[in-house]
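Structure, as structure tokens:
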Amino acid sequence: MPADLPPAMPLSPAEIDVLSQRLPLWTREAEDKAIERHLRFADFTAAFGFMNAVAQSAERLDHHPEWSNVYNRVSIRLTTHDTGGLSDRDVALAEAIDAAATRFNAV
């Protein structure tokens, strides 16, 4: 972990309750242990460019997504294994992912 990052902080039930307002494009998984988003791009190159941008954000945040890519589609699942559920790092990475999705014209 980068020396300047504090440990991940689990989200409180109240913070989880407002996630749908803060991250409207994400779906909460059963039992509120993870959030997911499915994206589609113009082609494989755009999807891969998006994934590269997300990888850079993930490295800065020391928080890595569970994801898959098939041609122009990317599915992402975020959870924090160290905390046993959602944490502040999931929210930070989801916000970075949303920004990258906009830059790469995700649908």
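The values are calculated or read from the model by the stated rules, or taken from the named source; none is laboratory data. Just so it is clear, the structure is predicted and the values come from calculations on it, not from any experiment. Neighbour counts run over all protein chains shown; Cβ positions are idealised from the backbone, glycine included.
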| task | Output the number of the condition that VAL107 fails; it satisfies all remaining conditions of (1) over 17 Å from PRO24 (Cα atoms); (2) at pLDDT below 95; (3) among the hydrophobic types (A, V, I, L, M, F, W, C). | result | (1)
| Which one of the conditions (1) of a type in the set (Gly, Ala, Ser); (2) farther than 19 Å from VAL107 by Cβ; (3) modelled with pLDDT of 95 or more does SER20 fail to meet, given that it meets all the rest? | (3)
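Inspect segment 43-53 for any residue being closer than 26 Å to PRO6 by Cβ, surrounded by 13 or more Cβ atoms within 10 Å (Cβ to Cβ) and at pLDDT 95 or above and give the result as yes or no. Lay out the reasoning, then the answer.
The initial filter retains those residues of segment 43-53 that are closer than 26 Å to PRO6 by Cβ, namely 53.
Still in the list and also surrounded by 13 or more Cβ atoms within 10 Å (Cβ to Cβ): 53.
In the following step, the residues that additionally are at pLDDT 95 or above were identified as 53.
Yes, segment 43-53 contains a residue that is closer than 26 Å to PRO6 by Cβ, surrounded by 13 or more Cβ atoms within 10 Å (Cβ to Cβ) and at pLDDT 95 or above.
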| message | With the condition being touching a residue at least 24 places away in the same chain (Cβ under 8 Å), I'd like the strands (runs of 3 or more DSSP E) fully within segment 1-101 carrying at least 3 qualifying residues. | response | 35-40, 73-78
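Listed here are the residues, each with its yes/no results for (1) surrounded by fewer than 18 Cβ atoms within 10 Å (Cβ to Cβ); (2) more than 23 Å from PRO13 (Cβ to Cβ).
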residue	(1), (2)
ALA55	yes, yes
VAL70	yes, yes
ILE76	no, yes
THR80	no, no
ARG89	no, no
ALA101	no, yes
